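Only the coordinates and a few stated rules stand behind these numbers; no lab work does. Since we're looking at a predicted model, the values are computed, not measured. Ideal geometry is used to build each Cβ from the backbone, glycine not excepted, and the neighbour counts take in all protein chains shown.
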Amino acid sequence: MGSAGASQWPYPFWIAHRGAGKLAPENTLAAFRLGAQHGYRMFECDAKLSADGVPFLMHDATLNRTTNGMDKLAEGASPTGGDHAWAMLSQFDAGSWHSRAFAGEPLPTLENVARLCRANGYALNIEIKPTPGTEYATGKAVGAQAARLWEGAVLQPLLTSFSREALQGARGSAPALPCGLLLDALPADWLESALALGCAAVVCNHALWTADSVAKARGAGLRTLSYTVNDEASARRLIDLGTDGIITDRVDLFSPL
């Protein structure tokens with residue numbers, strides 16, 4: 001399937017969800033490398049903060065699903081990833097839960113990911129995924145580090161979040177980086193909120209985009225991206241609507257080339 005979007009938008013149409021969708025342990029360098037092997041040149045990932053302020057990649061607030069952290073921590077320790085220092089988090093296995101082939105794969109820092117992306121010319125969508133209660137601080141820290149890590153790069157990362165507070169923090173620390181508001185519903189003020197936050201894009205649950213909502217976003221100068229699109233019929237509908245990007249798990253189904 002072809003791409004859509006106007007020429008000024010610098011990002012590829014196809015975006016690999018959490019690195020390589022379900023084919024590798026999400027939010028790991030191994031996933032990014034596998035997604036790249038399938039031809040993807042833009043990746044989505046989730047970034048949060050360690051207790052000592054290191055931005056690292058993990059989706060869930062808790063360690064249980066995608067790491068062996070609870071096996072490594074002392075009994076009674078907090079299951080929340082953001083409650084632990086990076087020195088501890090860096091020791092966890094973030095690959096064995098997926099399959100034996102990825103056993104020992106560590107959690108990456110945002111800096112690790114930046115090195116991989118910049119060295120290979122990959123684009124990145126950083127979803128700011130704060131530990132609950134740290135929304136503004138996480139946005140501010142992730143934005144500041146992203147601005148530093150991509151300083152001078154032709155292709156800057158796209159910062160997105162469901163949290164308006166996190167986006168406010170990111171805009172304050174990295175005003176030059178493009179931002180996008182993530183939405184799983186379209187409240188009455190969705191367009192005004194995105195504009196008030198200085199967003200360049202709105203990233204919706206794909207079912208929310210219609211000819212009307214796309215036209216409203218486009219009329220306001222906003223780009224239209226979708227998550228998480230894993231079937232051909234949905235992808236075709238979004239392409240026909242003229243949207244600007246699709247985030248997918250199916251890096252094995254959709255060819256981005």
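Applied to the stretch 64-76, the Karplus parametrisation 6.51 cos²θ - 1.76 cosθ + 1.60 on θ = phi - 60° returns per-residue 3J(HN,Hα) values of 4, 6, 10, 9, 9, x, 5, 6, 8, 7, 5, 4, x Hz, with x for Gly and Pro. What is the helix-to-structure angle for 110-120, meaning the angle in degrees between its Cα long axis and the longest Cα principal axis of the chain, kept from 0 to 90 and rounded to the nearest 10? Taking the Cα atoms of the chain, the angle to 110-120 is about 60 degrees. Please say if the stretch 1-144 is rounded, prolate or oblate, where rounded means a/c under 1.5 for a ≥ b ≥ c the square roots of the C-alpha gyration tensor eigenvalues, and otherwise the choice is prolate for a/b larger than b/c and oblate otherwise? Oblate is the answer for the stretch 1-144, as a/c is 1.5 or above yet b/c matches or exceeds a/b. Computed from these coordinates, which is Cα Rg over 2.2 N^0.38 Å: (1) 1.16; (2) 0.97; (3) 1.63? The value computed from this structure is option (2). If R0 is 41 Å, the Cβ-Cβ spacing of ARG115 and LEU186 corresponds to a FRET efficiency of close to 0.65.
This model, with +1 at the C-beta of Lys and Arg and -1 at the C-beta of Asp and Glu, gives the chain a dipole about its Cα centre of some 560 debye.
Computed from Cα positions, the angle between helix 232-241 and the longest principal axis of the chain comes to roughly 50 degrees. The slack between ARG218 and ARG100, meaning 0.36 nm per residue of separation minus the straight C-alpha distance, is 38.0 nm.
Spread over its residues, the convex hull of the C-alpha atoms of the stretch 67-173 is 118 Å³ per residue.
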